[in-house]
Amino acid sequence: SASGSEEFNRPWNTEPVVREGLKHVSEGCVFIYCQVTDKPYWKDPNNDFRKNLKVTAVPTLLKYGTVGIFLCWNECLQANLVEILFSED
């Protein structure tokens with residue numbers, strides 16, 4: 001999203017919080033940004049994100065390879081939670 005776009009300025013947009021949180025990543029951390037494609041694909045209960053990663057909401061931040069270490073939707077707007085997620089090993 002471009003910072004001047006309408007989407008970027010909506011209250012539910014987590015991009016500014018995530019960008020700030022990335023300043024606190026652990027050394028060697030790899031951040032992957034992935035979009036879930038279109039709405040029909042996301043709504044399919046058998047899509048790869050729901051089925052394999054157990055993602056139930058968009059946006060979601062998760063630590064790949066862990067169980068239960070993730071932030072969903074409005075939690076991604078809370079800078080303190082994003083910073084904790086990114087700074088933990």
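Looking at segment 1-29, which of its residues are modelled with pLDDT of 85 or more and either loosely packed, with under 11 Cβ neighbours inside 10 Å or in a helix (DSSP H, G or I) (or both)?
If the condition is that a residue be modelled with pLDDT of 85 or more and either loosely packed, with under 11 Cβ neighbours inside 10 Å or in a helix (DSSP H, G or I) (or both), then Glu15, Pro16, Val17, Val18, Arg19, Glu20, Gly21, Leu22, Lys23 are the ones that fit.
Take the residues of segment 64-84 that are assigned to a loop (DSSP other than H, G, I, E, B) and of a type outside the set (Gly, Ala, Ser): which is nearest to Glu15 (Cα to Cα)?
Gln78
Restricting attention to segment 37-63, which residues are surrounded by 14 or more Cβ atoms within 10 Å (Cβ to Cβ) and either out of contact with any strand residue (DSSP E or B) (no Cβ under 9 Å at 6 or more places or on another chain) or outside any loop (DSSP other than H, G, I, E, B) (or both)?
Trp42, Asn47, Phe49, Arg50, Leu53, Thr60, Leu61, Leu62
The values are calculated or read from the model by the stated rules, or taken from the named source; none is laboratory data. As the structure is a prediction and not an experimental result, all values here were calculated from the model. So basically every Cβ, Gly included, is an ideal-geometry build from the backbone, and we count neighbours across all protein chains shown.
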